[in-house]
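Nothing in this text is a laboratory measurement; each read-out follows from the coordinates by a stated rule. In this text the structure is predicted, and so the values were computed from the model without any measurement. Note: ideal-geometry Cβ built from the backbone for every residue, glycine included; neighbour counts use all protein chains shown.
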Amino acid sequence: MIPITLTSEVVKSAFNDIYFHRGQQYYTEGRVTLIDIRKKKSHRWMVDAEVQGSKRYSYDVEIHIEQRGGRFFIRGECDCPMRINCKHVVATLLKVIAQSGKMIQEVNFNDMRQMLQYTAGYTSESTRVDTWLNDISHLKEKPLFECDKSYQVFFELSQPESWRGKKTYCKPILFKMLKSGGRSKTTKRALFTESNKMHFSRDDKTLLGRMMAEHQWASHAGQWDSIELREEAGELLFIDILRTSRCFWSGSDDDVALGSSITLSFHWATLPDGTQRLKHDHESPLRLFCIENPWYFDPDTRQIGRVNTSIPPSVIQHIVNIPDIPPEKSVTARQVLEKSMPKNLLPVAYKIKQSKSGTPSPRLHLTEKTVRIPNDGWSYEDAKLPVATVSFRYGDAHIPWENTREAVYSLSGKNIVRYKRDFSAEEAALRQITETHHLTPVAAQAVAPHAHTANAFFLKQDQDPAAFTLDTLPELRRSGWEVDVDKDYPWDIMDVSMDEWYADLEEEGSGIDWFGLELGILLPSGEKINLLPILQRYLTNPPKDASNLKRMITHLDDGRKISLPMERIQNAAGTLIDIFSRTTGPVDTLRLSRLEAMRLAQLQKALNAAALRWHGGQKILETARKLSKIETLPEVSVPDIFHGQLRSYQQTGLSWLQFLREYQFGGILSDDMGLGKTIQAIAHISVEKKAGRLQSPVLVVAPTSLMFNWQSEIQRFSPDLRVLLLHGAQRRQHHDRINEYDVVLTTYPLLARDKEVLLKYEFHLLILDEAQAIKNARSQAAHIVIQLRAKHRLCMTGTPMENHLGELWSLFHFMMPGFLGTEKKFKALFRVPIEKNQDEGRRKHLARIVSPFLLRRKKTDVAKELPDKTIMVQTVELNTGQRDLYETIRLSMQKKLRESIKKMGLARSHIMILDALLKLRQICCDPRLLKENKTAQKLSSAKLSLLMSMLPDLVEEGRRILLFSQFTGMLSLIEKELDAIQMPYVILTGQTRDRRKPVEHFQAGKVPIFLISLKAGGTGLNLTAADTVIHYDPWWNPAAENQATDRAHRIGQDKKVFVYRLVTQGTVEEKIVELQQRKQALAESLLNNDAKGGPAFSMNDLQILLGSVE
């Protein structure tokens, strides 16, 4: 046991205050576990312990204690980063002191005797005999020595710089081995511990023994646990270490090996500033050093070998470490070296002929170097960082900024020119880069900077290195700095923001059905950089802060970095995202169909500021240009077989239809109701007939109610066209004669019945009137019309989208399959971003894509003679009975819905939601619509009372009224009220067989009121005799209401139209009106490029709709 005279005061005096207080804290916290305390010799002890560190690491501690007289000499080793006499050593010593004192105080003499025997190694005679007999009984043949190779000893070589030259050191390190055979980065710092001996081979023990016996361990220049290799013994040891093949230079992971000897000769080389440097004649950049004799290290081959030279050994030691000779020292150096060096190794003695006052030119050199930076309060780590070194040029000579020489020397012929340094100008330049351009000296930040980086600068932590390269360096150059960039500088970025962009188009085959596109940058040198792979990677996975970036930094395949301007990329992003969505895997060239011509036009417009240069693809480019300028299409002459006068906007529509036909595109004619879509289509067919292109018939599919309208309009405007009406049972007799006609008319309901017949024919043109009938892409009608064969396709509808964007996709899928991608990709690219996320950029991009193929004119834009319509909302409160019933039903349905949504989710509760909304709307109209509710049959309607108070006054004023309701039951109740007051009317519902009769009666002025169910009469009717429209109940779809209103507000109307909307206050009806505005905003945002996208129906909408009466 260690003497009690080793006290905490002795330990405190041997360590600095920080280590002692940290160690005392560790001891108090109970982090020390003593493993062994052994007495080595008289007055010498060794302690092994384990100490728990601050980061869940445990450290092995080994302490050697020697007492000489009254003093203690302590050397503690630890495998923590501090290695020697650290806080863990202090904690262990305090634990030892406490343990020793406790044992001395508590033991009695008998215990003391046992302790002394144990410490001295005493045992009883019988015990010794028993132990010996036990050992001899288990005696076996001693196995051959095998070391544990999970860790192996490697030897690290280093040559720290010093003012006296280089010395060579060797440090043994125990590395953990990988299964692959290499070494990992894990090491054991405390090498010579008992537990590590198992990892030493016999040769390792021999080498380590020689190192310990023959050399003194170094403890300077950061070389703890290293030995200096010197003289003959050191050189022999060095050779044996190289032969282990487990030797490497500090700072490198590559092992070195013993190579063959080489012969070198030397000569002096003069640098531009007159400095002379001794060089050898070998082609490789060898590193020379001396132990007993000269050695070389070849970094290319990783070999170390002897150097043979004719220079005497006493001189070669000095040659290897000889420094550069500055010009002002050349005369003195030659005089001194003449005494010991051969004449051929003497430097030139230059004389200074002239002195000048110099003006410095600052120079910034950018590279990457290893910098030693702080890790925590007690250690550091090496990291490769971009750094800058600064020097100043005087004449042809450069001097580093940190050099303190007052003059700079430059070689001029055989003479030396001396420049006096301008330290004030140099100071101003240094402050420019540190204060204005955010550079900071490495020496001011690093704990222990390497010698080769102590004079360097690096960017402050909050600075963007890309911005430094692209913004700061050009500014420095403009202010007079020379900037030199190494190839290994990690932020060497090529700025291509001002370079020209190119687009190469290659048409496949003789037509323009398919073409290849390559997009890139054209450098001033003529080099082309294909940007498609780069843009594809970026746009398919953009960073979260992409919208805030000014530039995009990316790598080329050859390792170069380029900077692309984000403004140009963002301009083209929508089109490129759309195009990339159609590809699978990385692309160098995009293969696009002729349908992508519009996307080329958008791309050309987006990149116009980049001076985009197009190569090839003239046909497809011409198509793209025409698509981008639809409004300037040449006017098409109306043929003489067309007996009508087209308005100017209808003439534009005809030219547009002919353009789509010429370039084989589909289109949506989406003019407002009453602007003559049918007339424009008939004019288009007439042009085809006159030009001789109508070699097969035109098939028109329309609602049943419009068959008569199509037939009569063709007869009126183009009677030369032969028309076949496929309607009724007698249609079958005409199936074999379809090709004999110019125009074939059929209805949506008949598509399924006549599918097999229609599929036999190929039509010149397929027209879908009221094309919203296929807005559901999964409907039977949609599936059939897609299968029909036609050279050209046209949709006609005033409402190409009523509820959501999927309806628009369905129309384009019919017209131009693939133009908007698959339904799944369209949803991801457009529906979700626009409807759910209100992405304005995506909405605008979609509007730009579809705009050439969707022609929509509003009445206010093109029909100035059309009277204005005035829309008025009449609100009415529910009466008491209605209100009570409304709240009872609402609360009951609300509870059921919550349970259903919780159990099945919002989507699967759709039917129950619609049922709840239906019941509430019916109560608002008239409680008696709830047939199953006996209480409701006894209640009255506040809204019906309002209506019946309005109608007599309106009729007396001479108004002609269209009254719409979605509920035929409600129309029946209104009929009873009208009959009661003997007011004449006509009615049209889905049950009406003769639709023509009520229309003619109303148009002829025989009755003032026309009752119409919304679905039966919302489309296809021309009721210009009306000047008043009443919507008895609002529908959540504004397009349906607008279509109904347009029965009166259309071409031919010569009176102002008044629209009344009856809404019960604070109920689901009032909330439906709010939803209508959002639905209308969504539709308008796609049909008009200047509108904003609207939200889709959500859970929040449902909560609003089912709210209590306000």
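From the square roots a ≥ b ≥ c of the eigenvalues of the alpha-carbon gyration tensor of region 262-345, which class results: rounded (a/c under 1.5), prolate (a/b over b/c), or oblate?
Judged from the Cα gyration tensor, region 262-345 comes out oblate (a/c at least 1.5, b/c at or above a/b).
If r is the Cβ-Cβ distance from Leu891 to Asp253 and R0 is 45 Å, what FRET efficiency results, to the nearest 0.05?
0.05
Out of residues 5 or more away from Phe763 or on other chains, whose amide H comes under 5 Å of its own, with H placed 1.01 Å from N in the peptide plane?
Those lying under 5 Å, H to H, from Phe763 are Arg789, Ala790, Lys791.
Can you pull the semi-axes for region 869-1105, root of five times each eigenvalue of the Cα gyration tensor, sorted largest first, whole Å?
31, 24, 15
Test of understanding: what is the full-extension gain from Met983 to Lys605, defined as 0.36 nm times their sequence separation minus their Cα-Cα distance?
129.9 nm
Using all C-alpha to C-alpha distances in region 888-951, build P(r) with 5 Å bins and read off the rounded percent in each one.
3, 17, 22, 19, 14, 12, 7, 4, 2, 0
What full-extension length gain, to one decimal in nm, is calculated for Leu346 and Asp422 as 0.36 nm per residue of separation minus the Cα-Cα distance?
So the chain would gain 24.1 nm between Leu346 and Asp422.
Kindly rank 980-987, 35-42 from highest to lowest mean number of other beta carbons found within 10 Å of each residue.
Descending mean neighbour count gives 980-987, 35-42.
Could you tell me which residue out of Leu939, Leu978, Gly821 lies farthest along the dipole of region 821-979 toward its positive end? Charges go on the beta carbon: Lys and Arg +1, Asp and Glu -1, centred on the Cα centre.
Gly821
Which FRET efficiency, nearest 0.05, do Leu918 and Asp557 yield, Cβ-Cβ r, R0 56 Å?
It comes out at approximately 0.35.
So if each residue of separation counts as 0.36 nm, and I subtract the Cα-Cα distance between Gln354 and Ala828, what length gain in nm does that give?
The span from Gln354 to Ala828 would gain 162.9 nm if fully extended.
Straight distance only, please: which lysines reach the Cα of Lys279 with their own Cα at less than 17 Å, same-chain residues fewer than 8 apart left out?
Lys279 reaches Lys166, Lys343.
Please say if region 632-862 is rounded, prolate or oblate, where rounded means a/c under 1.5 for a ≥ b ≥ c the square roots of the C-alpha gyration tensor eigenvalues, and otherwise the choice is prolate for a/b larger than b/c and oblate otherwise?
Oblate, since a/c reaches 1.5 and b/c is not below a/b.
Give Lys369/Lys487; Lys677/Lys791; Lys629/Lys825; Lys1015/Lys1071; Lys895/Lys919; Lys836/Lys895 a once-over and call out the pairs whose C-alpha atoms are over 18 Å from each other.
Lys677/Lys791; Lys629/Lys825; Lys1015/Lys1071; Lys836/Lys895
So for the pair Thr301, Lys279, with labels modelled 7 Å out along Cα→Cβ, what separation do we get in nm?
Here the answer is 2.1 nm between the modelled labels.
For a distance above 22 Å, tell me the whole-number percent of Cα pairs in region 850-960 that qualify.
Roughly 58 percent, rounded to a whole number.
Search the structure for amide H atoms under 5 Å from the amide H of Arg551, placed 1.01 Å from N in the peptide plane, and list their residues when 5 or more places away or on another chain.
So Arg551 has HN proximity to Met566.
What's log10 of I(q)/I(0) for region 13-56 at q = 0.19, 0.21, 0.33, 0.34 Å⁻¹, Debye sum over Cα points only, no solvent?
Result of the Debye calculation: -0.76, -0.85, -1.05, -1.06.
Go through region 718-732 residue by residue and turn each phi into a ³J(HN,Hα) via Karplus (6.51, -1.76, 1.60, θ = phi - 60°); whole Hz please, and just put x for glycine and proline.
9, x, 6, 6, 7, 10, 10, 9, 8, 8, x, 5, 6, 4, 4
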